[in-house]
Amino acid sequence: MKRLIPCFLFILTALALAGCDSSKAPEGDPTALSTVSGIAYRPAEAATIYVYRVGDDFRGPPMTRIGPLAFDGSFSVDLPPGEYNFLLRQRAEGDDSGPVKEGDLKTDPIKVVVAAGRPISLDLKGFIKEGNAKESFGEEVKYKARLEGRITDAEGGPVEGVRVHAYDHVQMSERPKFVSARTGPDGRYELNLPEGGTYYLCARDQYGGPPKVGDLYGRYYMGTVEPSAVIVEDGNTLEGVDITVHTVW
Amino acid sequence: MMLRANFYLLIVTALLLIGCSGNGPPPSLKALEERAASGDSAAYKGLLDFMVEDKSQAERSRAYIALLKAGRDAAPAIMAAAAEGDPSQREHAIALAANLKLEGSFEAAVNALNDPSFPRSHSAAWALGEIGDIKAIEPLADAVLSSKGELTAREAVRALARFGKSAVIPLAKNLEKMPPLRKGYTLRVLGELRDERGKPYIIKALDDPVTREDALWALGTMGRIGESINTLSYLDDKDWRVRVEAARAVGLLQEDDAKAKLDYLRAEDPVKAVREWSARAMALFEGNPVEYKTFSGEWKVPDSLYH
């Protein structure tokens, strides 16, 4: 098996180099997808690459994610023309979202400009975050408002391991606009927002898609069928925004 | 050779002893799921044992889904667990009984709702809404007023909303006796039920500053039904949250005489949320997006909340 690894890496390198050959780009279609591929070094087995559109908040959900990566760190993704930021993260605790902490593997954001039908070779060099306890991703984002509260179960006990999802529309469908880190053993969460406004909240243990039977889920609501809005003003922290979660029956 | 034969003999004896004593390791969740899927009714009790408090959420969910798939064949085991026992197991059993519409599920849910020792009575409230038997209205209305847990009260209000207009009077008649939070839930659901018999209760709640915000939300949601009331004056309320709900209400109710005030508020109110909601309300008159003025002097269209 060990003998196969260099051979496999050679093939990957050759494929990556072949991908750089711009002579293969089709002509005429300005919307054609292009492949961005490469290798994440360190090695970055089980790391995830987050692809954001330029201007997206790095603390929110990405446009797409690649991974967890295989043992050789190779990756490939087809993207429409546009500008993107690639970030690699591997959290030591195994989470797929939340702040990057000391000991986690990461890269700085790498801006990639994708042109129609032109493959790109991109190698990512991750490093272990150390020395600075502050999250570095998204530092450029200035937060103006914040929600805080507790996630509890039906008996009022704290619930660990769920995230608060904030939506800017009442249907709470599609992707949430902002997502908190997972709650710790005390069930507390903090959700920083780039601006105050009207938000609709839920807490859940899964990410993506509508809640399914068996998931842990709860909305912020006032007994109504329609979810209830949480309104927070710029410059304010709204405390006590508590949500109760229970199994989806 | 001799050694190997002795070893095999030892293993066979041990296996026989385990098999005969009946004290072998309990079957795994995976084994129980497979047995339940093949119709082995002996697996149902084992699955229920994976729903108890000290199991993980993932295990409880898997066991729940396996029993849901087993359906009515699992009824005896489910109904026994719905009557008493570990709170987590009972919660899941009540939900299963309601989902599967099992015989006796209504009685089990009512008993659980009224059982002061059951800490998860919210599941019983949900179950009664799911079962849909109209006899549940009174016990649910009582739970809104007097259940110990806030979650149970909120789930009871929501369950009542599923009964539609039949729930209006049972909900409204207890309004004055409720603590403020529960009064708020009830007012809002009365708005969602859109029945004119609920309107006088909502209008009365406008007098109390504690429930004014909820009452305005309810009036806006109810729309032009029943007795008409002008909510314009609440656009001047000193509480900005009341002004937000008043702006929403005058927009939804299409109160023409509010237009000038909304136009002022979207530019001059000291609270951004009021400016945004005033612009949203104006958009309901105009049929097009309307901007509000930011504190830096720019004009901006607020987020569309209903896209």
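The values are calculated or read from the model by the stated rules, or taken from the named source; none is laboratory data. Because the structure is predicted, anything quoted here is derived from the model rather than measured. Here the Cβ positions follow ideal geometry from the backbone for every residue, glycine too, while neighbour counts run over all protein chains shown. To get the accessible areas, we keep the full protein, side chains included, count just its heavy atoms, and leave off ligands, DNA and RNA. Shrake-Rupley method; radii C 1.70, N 1.55, O 1.52, S 1.80 Å.
Quick look at the values:
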| read-out | value |
| --- | --- |
| Filter result for B:ARG241 (open to solvent by 10 Å² or more (accessible area, probe 1.4 Å) and under 23 Å from B:PHE163 (Cα atoms)) | no |
| Only listed residue being touching a helix residue (DSSP H, G or I) at 6+ places or on another chain (Cβ under 9 Å) and of a type in the set (A, V, I, L, M), chosen from A:LEU216, A:LEU238, A:LEU191, A:LEU201 | A:LEU216 |
| Pick from segment A:200-249, criterion of a type in the set (Ser, Thr, Tyr) and assigned to a loop (DSSP other than H, G, I, E, B), ranking: modelled with the lowest pLDDT | A:TYR207 |
| Test for B:GLU255: is it among the charged types (D, E, K, R), closer than 18 Å to B:LEU190 by Cβ, touching a helix residue (DSSP H, G or I) at 6+ places or on another chain (Cβ under 7 Å) and away from chain A (no Cβ under 14 Å) | no |
| Positions within segment B:279-293 being open to solvent by less than 30 Å² (accessible area, probe 1.4 Å) and more than 15 Å from B:TYR264 (Cβ to Cβ), in sequence order | B:ALA283 |
| Condition met for B:PRO270 (open to solvent by less than 20 Å² (accessible area, probe 1.4 Å), in a loop (DSSP other than H, G, I, E, B) and within 11 Å of another protein chain (Cβ to nearest Cβ)) | no |
| All positions within segment B:178-195 that are over 14 Å from B:GLY220 (Cα atoms), open to solvent by less than 80 Å² (accessible area, probe 1.4 Å) and either of a type in the set (Ser, Thr, Tyr) or at the interface with chain A (Cβ under 9 Å from one of its Cβ atoms) (or both) | B:ARG182, B:GLY184, B:TYR185, B:THR186 |
| B:GLY198 part of a helix (DSSP H, G or I), surrounded by 14 or more Cβ atoms within 10 Å (Cβ to Cβ) and within 26 Å of the chain's Cα centre (by Cα) | yes |
| Residue within segment A:133-141 that is over 28 Å from B:ARG280 (Cα atoms) and either at pLDDT 90 or above or assigned by TED's automatic domain parsing to the domain that holds A:ILE39 (or both) present | no |
| Filtered residue count, segment B:44-87, keeping only those that are under 17 Å from A:THR247 (Cβ atoms) and in contact with a Lys or Arg (Cβ under 7 Å, 6 or more places away or on another chain) | 5 |
| Helices (runs of 4 or more DSSP H) lying entirely in segment B:71-160 (those with 2 or more residues that are among the charged types (D, E, K, R) and surrounded by fewer than 24 Cβ atoms within 10 Å (Cβ to Cβ)) | B:137-146 |
| Selection status of B:SER296, open to solvent by 60 Å² or more (accessible area, probe 1.4 Å), in contact (Cβ under 8 Å) with a residue 12 or more places away in the chain, over 26 Å from B:MET178 (Cβ atoms) and not in a helix (DSSP H, G or I) | no |
| Long-range neighbours under 8 Å by Cβ, at least six apart or interchain, first residue within 14 Å of chain A (Cβ to nearest Cβ) and under 12 Å from B:ARG120 (Cβ atoms) within segment B:81-92, second assigned to a helix (DSSP H, G or I) and charged (D, E, K, R) | B:ALA82/B:ARG90; B:SER88/B:ARG60; B:GLN89/B:ASP49; B:HIS92/B:ARG60 |
| Strands (runs of 3 or more DSSP E) lying entirely in segment A:29-106 (those with 2 or more residues that are at pLDDT below 80) | A:34-41 |
| Only listed residue being open to solvent by less than 10 Å² (accessible area, probe 1.4 Å) and more than 23 Å from A:ASP242 (Cα to Cα), chosen from B:GLY164, B:GLY220, B:GLY226 | B:GLY220 |
